[in-house]
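Have a look at the structure below, then the notes.
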Amino acid sequence: MAIRGILTISTVVWFLLTVNYSEAIWLTIPATGGTKCVSEEIQSNVVVLADYYVVDEQNPGNTPAVSAKVTSPYGNDLHHQDNVTHGQFAFTTQETGNYLACFSVDSSHQLPNPLTLGIDWKIGIAAKDWDSVAKKEKIEGVELQLTRLEGLVQAIRENIDYIKNREADMREVSEATNSRVAWFSIMSLGVCLSVAGVQIWYLKRYFHKKKLI
(Lines give C-alpha, C1' and ligand atoms only; values in the text may rest on other atoms or scores of the structure.)
Protein backbone atom coordinates (compact mmCIF):
# COMPACT_ATOMS: atom_id res chain seq x y z
CA MET A 1 0.00 0.00 0.00
CA ALA A 2 2.85 2.41 0.84
CA ILE A 3 4.53 1.72 -2.49
CA ARG A 4 1.23 2.28 -4.29
CA GLY A 5 0.77 5.59 -2.42
CA ILE A 6 4.28 6.71 -3.36
CA LEU A 7 3.65 5.80 -6.99
CA THR A 8 0.35 7.69 -6.97
CA ILE A 9 1.96 10.82 -5.51
CA SER A 10 4.81 10.56 -7.99
CA THR A 11 2.35 10.23 -10.87
CA VAL A 12 0.43 13.32 -9.73
CA VAL A 13 3.64 15.33 -9.33
CA TRP A 14 4.88 14.20 -12.73
CA PHE A 15 1.55 15.17 -14.31
CA LEU A 16 1.58 18.62 -12.71
CA LEU A 17 5.16 19.20 -13.79
CA THR A 18 4.62 18.14 -17.37
CA VAL A 19 1.13 19.55 -17.96
CA ASN A 20 1.18 22.37 -20.47
CA TYR A 21 -1.44 25.11 -20.15
CA SER A 22 -1.09 26.01 -23.79
CA GLU A 23 -3.19 25.35 -26.81
CA ALA A 24 -2.24 24.65 -30.41
CA ILE A 25 -5.07 25.63 -32.74
CA TRP A 26 -5.43 25.20 -36.49
CA LEU A 27 -7.82 27.34 -38.51
CA THR A 28 -8.83 26.86 -42.14
CA ILE A 29 -9.81 30.07 -43.91
CA PRO A 30 -11.79 29.66 -47.16
CA ALA A 31 -10.02 30.45 -50.43
CA THR A 32 -12.78 32.90 -51.38
CA GLY A 33 -11.95 35.07 -48.41
CA GLY A 34 -13.56 35.23 -45.02
CA THR A 35 -12.91 35.47 -41.32
CA LYS A 36 -12.24 32.74 -38.79
CA CYS A 37 -12.18 33.47 -35.07
CA VAL A 38 -11.16 31.64 -31.92
CA SER A 39 -12.23 32.67 -28.42
CA GLU A 40 -11.05 31.81 -24.94
CA GLU A 41 -12.69 32.61 -21.62
CA ILE A 42 -9.95 34.03 -19.40
CA GLN A 43 -9.90 35.51 -15.92
CA SER A 44 -8.56 38.98 -15.14
CA ASN A 45 -4.87 39.60 -14.42
CA VAL A 46 -3.73 36.66 -16.56
CA VAL A 47 -0.82 36.84 -19.00
CA VAL A 48 -1.63 35.75 -22.56
CA LEU A 49 0.96 35.02 -25.24
CA ALA A 50 0.24 33.83 -28.76
CA ASP A 51 2.22 33.14 -31.91
CA TYR A 52 0.32 32.78 -35.19
CA TYR A 53 1.62 31.84 -38.62
CA VAL A 54 0.33 30.98 -42.07
CA VAL A 55 1.10 27.48 -43.33
CA ASP A 56 1.46 27.16 -47.10
CA GLU A 57 3.05 23.83 -47.99
CA GLN A 58 2.17 24.02 -51.69
CA ASN A 59 3.70 27.42 -52.35
CA PRO A 60 6.13 28.28 -49.52
CA GLY A 61 7.87 30.99 -51.55
CA ASN A 62 4.70 33.07 -51.90
CA THR A 63 2.80 32.66 -48.65
CA PRO A 64 -0.48 34.62 -48.59
CA ALA A 65 -0.91 37.27 -45.89
CA VAL A 66 -3.69 37.65 -43.36
CA SER A 67 -5.06 40.32 -41.07
CA ALA A 68 -5.23 39.64 -37.33
CA LYS A 69 -7.33 41.34 -34.69
CA VAL A 70 -7.68 40.55 -30.99
CA THR A 71 -10.42 42.12 -28.87
CA SER A 72 -11.33 42.07 -25.19
CA PRO A 73 -14.75 41.08 -23.79
CA TYR A 74 -15.74 44.78 -23.91
CA GLY A 75 -14.62 45.20 -27.53
CA ASN A 76 -11.29 46.95 -26.91
CA ASP A 77 -8.58 46.30 -29.52
CA LEU A 78 -5.61 44.49 -27.98
CA HIS A 79 -3.78 43.62 -31.19
CA HIS A 80 -4.25 44.49 -34.86
CA GLN A 81 -1.98 43.72 -37.81
CA ASP A 82 -2.63 43.67 -41.54
CA ASN A 83 -0.91 41.76 -44.37
CA VAL A 84 1.29 39.51 -42.24
CA THR A 85 2.27 35.86 -42.56
CA HIS A 86 3.52 35.62 -39.00
CA GLY A 87 2.86 37.62 -35.86
CA GLN A 88 2.69 37.62 -32.09
CA PHE A 89 0.62 39.28 -29.43
CA ALA A 90 0.97 39.51 -25.68
CA PHE A 91 -1.17 41.20 -23.05
CA THR A 92 -2.39 40.94 -19.48
CA THR A 93 -6.14 40.60 -19.18
CA GLN A 94 -7.94 43.49 -17.51
CA GLU A 95 -11.37 41.89 -17.23
CA THR A 96 -12.86 38.43 -17.09
CA GLY A 97 -14.64 37.13 -20.18
CA ASN A 98 -14.23 35.85 -23.73
CA TYR A 99 -11.21 37.17 -25.59
CA LEU A 100 -11.63 36.93 -29.35
CA ALA A 101 -8.87 36.53 -31.96
CA CYS A 102 -10.02 36.86 -35.59
CA PHE A 103 -8.03 36.23 -38.78
CA SER A 104 -9.12 37.16 -42.27
CA VAL A 105 -7.96 37.24 -45.88
CA ASP A 106 -8.66 40.14 -48.20
CA SER A 107 -11.54 39.06 -50.45
CA SER A 108 -9.89 40.82 -53.42
CA HIS A 109 -7.05 38.29 -53.32
CA GLN A 110 -8.38 34.99 -54.59
CA LEU A 111 -6.46 31.95 -53.35
CA PRO A 112 -6.28 28.62 -55.20
CA ASN A 113 -6.70 26.65 -51.96
CA PRO A 114 -8.00 27.27 -48.45
CA LEU A 115 -5.47 28.91 -46.15
CA THR A 116 -4.25 27.14 -43.02
CA LEU A 117 -3.33 29.19 -39.98
CA GLY A 118 -1.61 27.86 -36.87
CA ILE A 119 -1.93 29.51 -33.44
CA ASP A 120 0.17 28.67 -30.38
CA TRP A 121 -1.92 30.09 -27.54
CA LYS A 122 -0.36 30.22 -24.06
CA ILE A 123 -2.20 31.38 -20.97
CA GLY A 124 -1.12 31.99 -17.40
CA ILE A 125 1.53 29.64 -16.10
CA ALA A 126 2.38 28.38 -19.61
CA ALA A 127 3.25 31.92 -20.67
CA LYS A 128 5.80 32.39 -17.89
CA ASP A 129 9.47 32.52 -18.89
CA TRP A 130 10.96 29.93 -16.55
CA ASP A 131 14.47 30.43 -17.92
CA SER A 132 14.35 34.05 -16.80
CA VAL A 133 12.98 32.99 -13.42
CA ALA A 134 15.81 30.49 -12.99
CA LYS A 135 18.45 33.11 -13.83
CA LYS A 136 16.87 35.80 -11.67
CA GLU A 137 16.38 33.63 -8.59
CA LYS A 138 19.48 31.54 -9.27
CA ILE A 139 17.70 28.23 -9.02
CA GLU A 140 17.91 25.09 -11.10
CA GLY A 141 17.13 21.40 -11.17
CA VAL A 142 14.69 20.14 -8.56
CA GLU A 143 14.30 23.58 -6.98
CA LEU A 144 13.21 25.04 -10.31
CA GLN A 145 10.75 22.20 -10.84
CA LEU A 146 9.33 22.74 -7.35
CA THR A 147 8.94 26.45 -8.07
CA ARG A 148 7.15 25.59 -11.30
CA LEU A 149 4.99 23.07 -9.42
CA GLU A 150 4.08 25.77 -6.91
CA GLY A 151 3.01 28.05 -9.76
CA LEU A 152 0.92 25.26 -11.30
CA VAL A 153 -0.80 24.52 -8.00
CA GLN A 154 -1.53 28.22 -7.53
CA ALA A 155 -2.99 28.41 -11.05
CA ILE A 156 -5.18 25.37 -10.37
CA ARG A 157 -6.37 26.89 -7.09
CA GLU A 158 -7.25 30.15 -8.81
CA ASN A 159 -9.14 28.21 -11.50
CA ILE A 160 -11.12 26.35 -8.86
CA ASP A 161 -11.96 29.60 -7.05
CA TYR A 162 -13.03 31.14 -10.36
CA ILE A 163 -15.30 28.16 -11.12
CA LYS A 164 -16.80 28.35 -7.61
CA ASN A 165 -17.51 32.06 -8.02
CA ARG A 166 -19.10 31.48 -11.42
CA GLU A 167 -21.22 28.68 -9.99
CA ALA A 168 -22.32 30.96 -7.11
CA ASP A 169 -23.23 33.74 -9.55
CA MET A 170 -25.18 31.34 -11.75
CA ARG A 171 -26.98 29.94 -8.69
CA GLU A 172 -27.99 33.45 -7.61
CA VAL A 173 -29.27 34.25 -11.10
CA SER A 174 -31.17 30.95 -11.21
CA GLU A 175 -32.73 31.54 -7.80
CA ALA A 176 -33.71 35.10 -8.73
CA THR A 177 -35.23 33.86 -12.00
CA ASN A 178 -37.16 31.11 -10.21
CA SER A 179 -38.48 33.64 -7.70
CA ARG A 180 -39.63 35.98 -10.47
CA VAL A 181 -41.27 33.11 -12.36
CA ALA A 182 -43.08 32.03 -9.17
CA TRP A 183 -44.37 35.55 -8.53
CA PHE A 184 -45.40 35.89 -12.17
CA SER A 185 -47.28 32.58 -11.95
CA ILE A 186 -49.07 33.73 -8.77
CA MET A 187 -49.98 37.06 -10.36
CA SER A 188 -51.20 35.30 -13.52
CA LEU A 189 -53.32 32.95 -11.43
CA GLY A 190 -54.75 35.91 -9.50
CA VAL A 191 -55.59 37.75 -12.72
CA CYS A 192 -57.27 34.62 -14.15
CA LEU A 193 -59.34 34.13 -10.96
CA SER A 194 -60.29 37.80 -10.95
CA VAL A 195 -61.39 37.70 -14.58
CA ALA A 196 -63.34 34.49 -13.94
CA GLY A 197 -65.06 36.08 -10.92
CA VAL A 198 -65.99 39.18 -12.91
CA GLN A 199 -67.37 37.02 -15.71
CA ILE A 200 -69.50 34.97 -13.29
CA TRP A 201 -70.80 38.13 -11.62
CA TYR A 202 -71.64 39.68 -14.98
CA LEU A 203 -73.45 36.56 -16.26
CA LYS A 204 -75.37 36.17 -13.01
CA ARG A 205 -76.46 39.81 -13.15
CA TYR A 206 -77.39 39.44 -16.81
CA PHE A 207 -79.53 36.34 -16.16
CA HIS A 208 -81.27 38.07 -13.20
CA LYS A 209 -81.96 41.09 -15.37
CA LYS A 210 -83.44 38.91 -18.11
CA LYS A 211 -85.34 36.96 -15.41
CA LEU A 212 -83.81 33.73 -16.62
CA ILE A 213 -82.94 32.65 -13.09
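The values are calculated or read from the model by the stated rules, or taken from the named source; none is laboratory data. Not measured: the values here are computed from a predicted model. Positions of Cβ are generated from backbone atoms using ideal geometry, with glycine treated the same way; all protein chains shown enter the neighbour counts. Areas reflect the complete protein model, heavy atoms only, side chains present, ligands, DNA and RNA absent. Shrake-Rupley method; radii C 1.70, N 1.55, O 1.52, S 1.80 Å.
Grab the Cα-Cα distance for Y202 and A24, subtract it from 0.36 nm times how many residues apart they are, and report the gain in nm with one decimal.
Full extension from Y202 to A24 adds 56.8 nm.
Rank these residues by their accessible area, most exposed first, probe 1.4 Å: C192, C102.
These residues rank, largest area first, as C192, C102.
Heavy atoms only, 1.4 Å probe, whole protein assembly: order T71, T28 by accessible area, highest first.
T28, T71
Run the quick spin-label model on E143 and F184: label points 7 Å from Cα toward the beta carbon, then report their separation in nm to one decimal.
Spacing of the two 7 Å Cα→Cβ label points: 6.3 nm.
Note down the accessible area of K69, probe 1.4 Å, to the nearest 10 Å².
Its accessible surface works out to 90 Å², give or take rounding.
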